[in-house]
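Here's the structure we're looking at; comments come further down.
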Amino acid sequence: MGQGPSLPGPPGTKFRVIGAGMSRTGTKTFNEALTILLDGPVHDSGIQSLGGPICQIKAWLDIMELAPKAQTFSEQKKLDWLISEVLDGYVATMDCPAATLTPEIMHVYPDAIVIATTREEKSWWKSMNYLNSLMGTWYLPMVVLWLHKTQVYGLWRERFHQIMKWRYDQDKIEEDTLRRHEEHLRQVVPPEKLFFYEVSQGWEPLCKILNVPVPDRPFPHNNSKGDAAQTFRDHIAAGCLSWGFMLMLISMAVWLVRGWLLQTFS
């Protein structure tokens, strides 16, 4: 929330960073910082898998379906191909579902480093729970019913729940998910490739990790609670407009049919 999808750069753009931080750990701010420091587009998997081009939405749905059950050589190769296809042209990725698939992305990009944005657990859960309260409202699926891209949200959520069950033995993001996720990263990522970073620390530690100079510009800040709430309101407004348009079409169709029936049987 709070940011739009990004377009990939030229094919073969060097992929350098797997952003493995759980949602609501400053991932959108981290996105902007990496875009500046690495001078290339960053793939926010949450935004791209729900609001990006249709081809990327489909690719992420396929990745999410295949990852938990890829057992055979051909299934693993297909998963590798899907990941490389969706991330080609980007310098980094981040947010969910990509963060939960860090080992799978490492398999495709073994030279990339893993940077997990993090924050104090209680503070994280307060922010995460607020986002859940917005996205979990009972009326949201009905309001956005006619918005084409948001129609995939139900399927996305179902497949993300499958990943959560497979990876963390949880049906959804819960209060201890951040801890479980970071423990998982320590188990699967070589220590020399794994870095934890808090966006509140600003440029210096991040630039040190990436071995790049500190830029002469303010550190970005994105996706506050207000940004998330505004994006939610934007979806509701767009959904209401779509319903108005559909009701107008239905009314016109009823009027035309009524006129035809009166003319035919008069």
Violating pairs (Cα-Cα greater than 25 angstrom) within the set 14/122; 58/172; 14/69; 14/193; 14/208 = 14/122; 14/69
Which whole-number value in Å³ per residue fits the convex hull of the alpha carbons of the stretch 9-54?
-> 86
Taking 1 over the mean of 1/r across every pair of different Cα atoms in the stretch 17-90, what Kirkwood radius in Å do you get?
-> 13.4
Which of the peptides 170-178, 36-44 is most tightly packed, and how do the rest follow, judged by the mean count of other Cβ atoms within 10 Å per residue?
-> 36-44, 170-178
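None of the figures in this text is laboratory data; all of them are computed from the coordinates on show. Being a predicted model, the structure only gives us computed values, none of them experimental. Note that each Cβ is placed from the backbone with ideal geometry, even for glycine, and that neighbours are counted across all protein chains shown.
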